[in-house]
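Report on the structure given below.
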Amino acid sequence: MTLTVGPLRAEPGRKVRGAIPVDLGLSTVEIPLVLVNGSRPGPRVVITGGVHGGEFVGIDAATRLGGFLEPDDVTGQVVICPVANPPAVYDGRLGKSPLDDVNINRVFPGDPAGGPTERLAAWLFENIISGADAYADLHSGGIDETLLDFVGYRLTSDAELDARTRAMAHSVGYERVLFGRNAEGGNSHAAAARQGIPAILIETGQLGERDPAQARALLDGLYRLLHHLGVIEAPQHVAPVTVRPRDWVWTGSVVSPATGLWYPDAATGDEVTVGQSIGRVIDPADGSEHKVTATATGQILYGMNGLTVGPGAELAAIAVPHD
């Protein structure tokens with residue numbers, strides 16, 4: 001079948017690259033896409049990067065994959081969107097769009113009659129994500145965020161869907177596989193799961209790095225995923241998996257109690273216990289301190305590296321192995 005997204009069309013055995021203009025009401029953005037329509041029929045896999053600004057590893061790996069994949073190597077169809085949120089990526093370089101101060105990964109599946117970011121989410125969901133047989137959204141630790149690499153997915157009420165999604169998450173080859181206990185919320189992979197699409201989130205890299213080794217590690221994980229889905233043959237150039245994927249579950253999130261300067265006492269990767277002091281938020285005006293404690297027991301998988309924080313800013317996310 002012809003692979004079509006907006007005005008871009010890739011016939012079977014063809015690869016097409018281009019950018020599609022998307023009307024956000026107050027402005028128009030150009031969404032870059034790579035359509036790889038394989039020489040043989042098979043599943044449609046969608047990969048997005050650049051949902052958030054300042055997360056460069058996913059953008060890099062998705063762009064590389066779009067350059068490497070050729071139709072003769074593909075069974076099925078692969079849709080790659082390396083920069084899903086151009087305003088945040090190019091102008092804001094942070095999680096929220098400079099157009100309306102909205103985090104797009106909190107509003108999926110979006111609203112075509114809403115604000116600019118809600119309209120963008122709606123376009124991405126309707127034109128790229130919907131109808132996929134599998135979906136992977138690529139993220140990393142942003143400019144002010146430390147992070148341990150992990151794959152995430154959401155549980156639903158469909159046991160068969162959950163099993164397929166879990167197998168996808170394990171196929172990437174990362175040590176930590178985090179699952180959420182439901183598919184609620186506005187994350188793209190959660191919204192896809194609610195539509196019955198096996199969907200995962202892959203987090204690789206931290207601090208807004210553009211480390212080629214991290215991009216290579218993520219690219220290897222994407223090759224493993226595509227092989228697992230039957231889209232490509234087993235790639236010979238991919239590094240062997242040296243860890244056993246293990247299921248983890250989130251146990252708690254720590255947020256800032258006030259505006260001020262963040263001085264952590266615990267780092268990403270540290271084991272903490274509930275009630276343990278993990279840092280202080282200091283008011284630069286009067287020097288007063290707000291003690292910050294762990295809300296759960298487990299390992300810090302990502303944390304705030306920035307100095308300045310506002311009320312509600314996430315300072316740490318804590319998880320434990322499920323077994």
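Values as computed for the structure displayed
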quantity: Solvent-accessible surface (1.4 angstrom probe) belonging to residue 241, in square angstrom, nearest 10; calculated: 70 Å²
quantity: Peptides 119-125, 96-102 ordered by average Cβ neighbours within 10 Å, highest first; calculated: 119-125, 96-102
quantity: Carbon/sulfur fraction of accessible area - the chain, other protein chains in place, 1.4 Å, %; calculated: 51 percent
quantity: 104, 59, ranked by accessible area, largest first (probe 1.4 Å); calculated: 59, 104
quantity: Alpha-carbon centroids, region 240-276 and region 172-235: separation in whole Å; calculated: 20 Å
quantity: Protein-only accessible surface order, largest first, of 295, 204, 268 at 1.4 Å; calculated: 295, 268, 204
quantity: Solvent-accessible heavy-atom area per residue, rounded to whole Å², over region 88-200 at 1.4 Å; calculated: 39 Å²
quantity: Accessible-area order (highest first, 1.4 angstrom probe) of the listed residues 290, 189; calculated: 290, 189
quantity: Solvent-accessible area per residue, Å², over region 3-61 with all protein chains present [probe radius 1.4 Å]; calculated: 38 Å²
quantity: Label corresponding to Rg and Dmax of the Cα atoms in Å when calculated from the structure given, among (1) 19.7, 67; (2) 29.0, 99; (3) 20.5, 60; calculated: (1)
quantity: Residue 233 - accessible surface, heavy atoms, 1.4 Å probe, Å² rounded to 10; calculated: 150 Å²
quantity: Extension gain, residue 237 back to residue 213 (0.36 nm per residue minus Cα-Cα distance, nm); calculated: 7.2 nm
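The values are calculated or read from the model by the stated rules, or taken from the named source; none is laboratory data. Quick caveat: nothing in here was measured; it's all calculated off a predicted structure. For neighbour counting, all protein chains shown are included, and Cβ atoms are generated from backbone atoms with ideal geometry for every residue, glycine included. Surface accessibility is based on the protein's heavy atoms, side chains included, excluding ligands, DNA and RNA. Shrake-Rupley method; radii C 1.70, N 1.55, O 1.52, S 1.80 Å.
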